[in-house]
1. Can you pull the one-decimal nm distance between simple spin-label points at residue 84 and residue 136, each 7 Å off the Cα toward Cβ?
2. How would 86, 112, 81 line up from fewest to most surrounding beta-carbon atoms within 10 angstrom?
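Since every read-out is calculated from the coordinates, none of them should be taken as a lab result. What you see is a predicted model; the values in this text were computed from it and never measured. Cβ placement follows ideal geometry from the backbone for every residue including glycine, while neighbour counts extend to all protein chains displayed.
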């Protein structure tokens, strides 16, 4: 005769096998995580009305556009947090870039400006000022606060934004960020 303990053992083993089987099937049916970023498409949706040529529509007289959605540039891992300007911040102040990187596609020039800042809402990119004098292009970041009463932790965050200089005439251009540590970038448009 079977004891009560020996009757429960086959049921317990059957239940355990069923749970493991269902778990394995559920795991196999789950969608795999993709490590590649979704395809990027340029989007001139980042509005900034800036003197000297910035802005989503740019300054028609200079051919210089403004900050764009960071989609055209793959940020990679362990790199700066890509941000889009949010116009209307309180107490806007100029901020130089720490680094500049330019890419040329035909005659279109995109510049990635990187800097160190604090957390939002205490430190928010308001706009980007783009000034052109001949073949010299100066980029100045404008940062402000979204909430004067906010209490934010004091931690440095590396941020970046993409500035679309638009289609430039053939020639060699020097792109800089006055007052900062960024090494000027020289690009040739063919």
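1. The modelled label-to-label distance comes out at 3.3 nm.
2. Arranged by neighbour count, lowest to highest, 86, 112, 81 become 81, 86, 112.
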